[in-house]
Each structure stands twice: as C-alpha cells, then as structure tokens.
Amino acid sequence: MELNSSISAVVTGGASGLGEATARALRARGVKVALLDLNKAKGEALASEIGATFCEANVTNEESVVAAFEKARAANGQERILVNCAGTGNAIKTASRDRKTGETRRFPTDAFNFIIQINLVGTFRCIAISAQGMLSLDPLPTGERGAMVNTASVAAQDGQIGQAAYTASKAGINGLTLVVARDLAQEGIRCNTIMPGLFNTPLLGAAPEEVKQKLGAQVLFPPRLGNPPEYASMALEMLSNPYLNGECIRLDGGIRMQPR
C-alpha cells in the first residue's frame, strides 16, 4: 500500500511510546491519522502538534472503542490502516512464598484477566471493528482494502518470571495473526504483528539510566534499548509491502530473554 494523503490510519495507544512514533512516521508520509488513547492530555497535545485527530478510547470497553472509531472516521474517512499499540503489563509470580514468614500467595485471577482484557481482547476488538469498516472500501490497484499491524512482545516466546498474564496476552496476539490474515484474505486485508524487545518507551522511562544501560547490554547487537522510531520503521514496512502477510516478526536486536 502506498502511504500518502489519500490514506487514513487509526493508531491505538497513539499518545506515547511506540504508537506515538508510528503516528509521527505516518503523518510524515502524509497519511491522515487518528490517535486512540486513554490519555486525553497527551493525546490532544500530540494531535495538535502533528495534525492528527485525537479520540479518547478505553480498549476494554466496546462502546468506547466504537465511538472512537466513529469519531476518527468522521474526521478522516474510513481507515485503511490499523496499528494496535495499546497495551500494558504486570509482574506477579504464579505462586510465591515469603521466605521470612512462610506466608504464601498466588497470582490473583482478576489481575491476570485485567492484562488479557487490555492486551489481547482489546487488540482483537479493534481488529474486528476496523476490519468491518474496511469491507466498505473499494480495493486499491494492488487489490488491498487495508492492512493491520499488531504489537505483541518477545515475551510471547521468552516470557520471564512473573509474566504469566503478559506472556499469555502477547502469545495470544501472535496466535490470532495468521487466523485474522486468513479470515480477511479474500477481502484484501492483511494482518501482521511486531514482537518488540526492550524498547525505550514510557514503560521503561522511569528507570534509572544505569538500569537502562544494563538492560541494553543484554541485547546481541546493537547493545542498547530499541528506539520507538525503529518500531515505526518496521510498522511502515509491514503496511507498505503488499507481500508481507500473516507474519509475527521479532524486533529485538537478537536478544533472547533470560528467566529473570
């Protein structure tokens, strides 16, 4: 798909981090962009800066997401591009013991479900809503109606201690990628997923510089954290290359995560 001013895009989690970088890269190509995010202050500020549309959305709430897509389409027309970057994580062992008191505890099911609802169900909710809208579009000369990029994580393959919910949610995104691509193939809609490694995003933003350097040193090459524009570059390749479909690609500098 040629990325230009005739194309509209929706970027979830678009107010910061990987979503922000992707939104900026799309706008640099002239693409009309709608930012879907919970953070109204950051979303509106970024939208004003880059000439995008901000749509407040909670990806765990159907009505909220439908309303956000409706606002995006009213401003920019039906999107041909969806980039799913909304997500979060936690770190809780499946079960653990306090070595001093002997007290035991387990991963609360509610906390596990919270991550699944945001990362996995939220991603699929946006995929389904966007795909339904894309069906109304005429195909481009390439035969495409649209393209989607999801965000999983290397944790989908190398989950660390305490990442049961996060890993399950991201592995689920990997698992649905080929199925969605197959579901939508006859309609000319592609679906791919990026598995980022250690990236310098707000999730790591509060960490001391010494911690960031230690994490970056674990990366095979280059030995540093990834930068959000590098994610955006991969996302744009997935969107613009019509032969890339149904794939889950690691973007991690060659790192293989250790248990902790």
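Looking only at region 128-146, residues that are more than 14 Å from Ala57 (Cβ to Cβ), touching a residue at least 60 places away in the same chain (Cβ under 8 Å) and assigned to a helix (DSSP H, G or I) come to 1 in all. When the strands (runs of 3 or more DSSP E) confined to region 75-124 are screened for residues that are among the β-branched types (Val, Ile, Thr), those reaching at least 1 such residues are found at 81-84, 104-106. Under the condition of being assigned to a helix (DSSP H, G or I) and in contact with a helix residue (DSSP H, G or I) (Cβ under 6 Å, 6 or more places away or on another chain), which residue from region 8-19 is surrounded by the fewest Cβ atoms within 10 Å (Cβ to Cβ)? My answer is Gly17. Screening Thr60 with (1) over 23 Å from Ser5 (Cα atoms); (2) outside any loop (DSSP other than H, G, I, E, B); (3) in contact (Cβ under 8 Å) with a residue 60 or more places away in the chain; (4) of a type outside the set (Phe, Trp, Tyr) gives one miss only, at (2). Inclusion of Gln186 among residues that are in a loop (DSSP other than H, G, I, E, B), surrounded by fewer than 21 Cβ atoms within 10 Å (Cβ to Cβ) and either at pLDDT 95 or above or out of contact with any helix residue (DSSP H, G or I) (no Cβ under 8 Å at 6 or more places or on another chain) (or both) is not warranted. For region 39-54, the set of residues classified as surrounded by 17 or more Cβ atoms within 10 Å (Cβ to Cβ) and in contact (Cβ under 8 Å) with a residue 24 or more places away in the chain consists of Asn39, Lys42, Gly43, Leu46, Ala52, Phe54, listed by residue number.
Pairing each residue of region 227-240 that is over 15 Å from Ser16 (Cβ atoms) and modelled with pLDDT of 95 or more with any residue that is part of a helix (DSSP H, G or I) and not small (Gly, Ala, Ser), provided the two are 6+ apart or on different chains, yields C-beta distances under 9 Å for Ala235/Leu18; Ala235/Thr22; Ala235/Leu26; Leu236/Thr22; Leu236/Leu26; Leu239/Leu26.
The values are calculated or read from the model by the stated rules, or taken from the named source; none is laboratory data. These numbers were taken from a predicted model, which means no experiment stands behind them. Heads up, the Cβs are rebuilt from the backbone with ideal geometry, glycines too, and the neighbour counts pull from every protein chain shown.
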